[in-house]
Amino acid sequence: TALGLLPAILYPTRFPPRSVWDMAHLASTSVLHPTIRRQYGLIWNRRREQGVGRLAAASRRIVPVLPPAVRYVPPARAVQLPRLSWPRTGAIRPSSADLSAE
């Protein structure tokens, strides 16, 4: 099932081209265990490893100079969401532990 879903996950649209999607997935693919990459048939070679190194180096240079509104995610987390109202029609209501596990 996972292998069958892989193309739709990695390449959800025809545009941009696959090569652009591959670059976009470079960071996430780099943290997968080599065995998992092999099982999914994901190519990992010296060129991709070097690409991850370049991406990390660029991030270390770029992120410190970004404006705070772009650099930090906490403002997005600070947005207050409306409280969920759970229907009383037999739906399972999560416990307070489930809700605070974020």
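Stretching the chain fully between Ser59 and Leu32 yields a gain of 7.7 nm (0.36 nm per residue, less the alpha carbon separation). Between Tyr40 and Val70, the C-beta separation translates, for a Förster distance of 41 Å, into a calculated FRET efficiency of about 0.80.
Summing Lys and Arg as +1 and Asp and Glu as -1 over all other residues whose Cβ lies under 13 Å from the Cβ of Tyr11 gives a net charge of +1. Take Val70: with every protein chain present and a 1.4 Å probe, its accessible area is about 100 Å².
The values are calculated or read from the model by the stated rules, or taken from the named source; none is laboratory data. These numbers come from a predicted model, not from an experiment. Quick reminder, even Gly has a Cβ in these numbers, built from the backbone with ideal geometry, and neighbours come from all protein chains shown. Protein only, heavy atoms only, side chains kept; ligands, DNA and RNA dropped before computing areas. Shrake-Rupley method; radii C 1.70, N 1.55, O 1.52, S 1.80 Å.
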